[in-house]
Amino acid sequence: MAAYGLYTHIASNKFRSMLLLAGLFLLIYVLVYAGALLAEVVMRSDAPVAYYLRAAWRDLVTAFPYATGIAALWIVIAYFFHQNMIDAVTGGEDVTRKQQPRLYNLLENLCISRGLPMPKLKVMDSPALNAFASGLNRRQYAITVTTGLLRSLNDQEIEAVLGHELTHIRNGDVQLMVIAVIIAGVVGFFGELFFRMFTNLSWNSSGSDSSWSSSSSRSSSSSSSDNKSSGGGAIIAVIIAVALILLAWLLSQVVKLALSRSRELLADAGSVELTKNPDAMITALRKIENRGELPGATSAVMELCFDNPREGFADLFATHPSVDSRVKALVQFAGGRDPGPLALPDEADDEPESEAEPQAADQLPPPGPHGPWSDAAAPAGLPQGTPQGARPGPRWGPWGRHS
């Protein structure tokens, strides 16, 4: 983390953003070619593989301007309305200083201390402990926090979280993350569209099934060699198309690997540089640990968050380093102190109450024998008829206290 410069990180984010945008168009063309293969198979099922490949290429050349226009339109829509889409998923609402004076003042002080423009402030009603930054330019930047985070963290810890998200904006991480979300969304949309189209037009359509079977019978009646070159060609073309669609989807998911996990470590360090309080950053991480899941939020939104508890296969697709590694970096490079896993105040209050009753019952001594000595009157200061086994302490007999 210490050897990776801030300005190098910002420049790298800008370069990777351009590469991801170019990759978006490439993935769109791959999907269009795969869709053309499926369409050619549906229209003619008795041709060799070479025919399908050439015909799909001609279709791609014809559809090239339309595919480019659709991809560009998607980017324009996402550029201007991505925040509205995120708010629709998370339920985040703009707040003012009057509505959230504590939160607003903390963020404003951080911005003033570094001469940064004040982003929009949003709050989403959720018991989860999380926050995220979004936006593609200075007019769109926004920081969203949950109500659960506001209830569970103190001012210093909230300030550390805000400093983390503000660093994401300053470092250019937000633009890269939003572009990755756009790519995953558009590829997933078109991939599902082509799969549904092929399923409806070919496999689930009786007419297509009959044409497929009739063409198969014609080809089988001609000769065995023609059968191998025709029916087999259609199957191979379908396999190629499905493989291309799966490849495009997989590449859209691998795009998340371009979101270097070092960005979170740099944002943690940037927060410490803003607040001068590494301990607050560490305790905020420990409180948020395993409590940041936003029910109903898509994986794309979770990738924007302060902490993403959702882990990929063997952490291969994890967009965030573990909390332990982030805390370890803060202890090593910022001199912070790690208190270990922390319980929230409400959890600490509820736990003793739930455990107090069975523990107290277990600690009660067994009731004493009922006889002429143990059933005697209680000494002064104790109510008459008090059972001797109902409370811990010495027993009383007719001649005084028995140990």
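The values are calculated or read from the model by the stated rules, or taken from the named source; none is laboratory data. None of these values were measured; they are calculated from a predicted model. We place every Cβ from the backbone using ideal geometry, glycine too, and count neighbours over all the protein chains shown. Only protein heavy atoms, including side chains, enter the accessible area calculation; ligands, DNA and RNA are left aside. Shrake-Rupley method; radii C 1.70, N 1.55, O 1.52, S 1.80 Å.
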Area accessible to solvent at F15, 1.4 Å probe radius, in Å²:
130 Å²
With the crude spin-label approximation of a point 7 Å out along Cα→Cβ, what separation in nm comes out for I112 versus V89?
3.5 nm
Cβ-placed point charges (K, R +1; D, E -1), dipole of region 30-174 about Cα centre in debye, nearest 20:
360 debye
Roughly how many Å² is the accessible area per residue of region 267-309, as a whole number, for a 1.4 Å probe?
30 Å²
Stretchable slack from Q156 to L19, in nm (0.36 nm times residue separation minus alpha-carbon distance):
45.5 nm
So, over other residues within a Cβ distance under 11 Å of V301, counting Lys, Arg +1 and Asp, Glu -1, the net charge is -1
Formal net charge of residues neighbouring D338 (Cβ-Cβ distance under 11 Å; K, R +1; D, E -1)
+2
Using the per-residue mean of other Cβ atoms lying within 10 Å as a proxy for protection, in what order, highest first, do the peptides 182-188, 75-81 fall?
182-188, 75-81
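How much area per residue is accessible in region 54-95 when the probe is 1.4 Å and only protein heavy atoms are counted (Å²)?
Normalised by residue count, the accessible surface of region 54-95 is 63 Å².
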Here the equivalent ellipsoid of region 87-149, derived from its Cα gyration tensor, has semi-axes (largest first, whole Å) of 19, 14, 10
How are the alpha carbon pair distances in region 11-99 distributed across 5 Å bins from zero to the largest one, expressed in percent?
3, 12, 14, 14, 13, 12, 10, 8, 6, 4, 2, 1, 1, 1, 0
Sort L136, L110 from largest to smallest accessible area, using a 1.4 Å probe on the heavy atoms of the protein chains.
L136, L110
Once all protein chains are kept in place, K276 shows an accessible area at probe 1.4 Å, nearest 10 Å², of 140 Å²
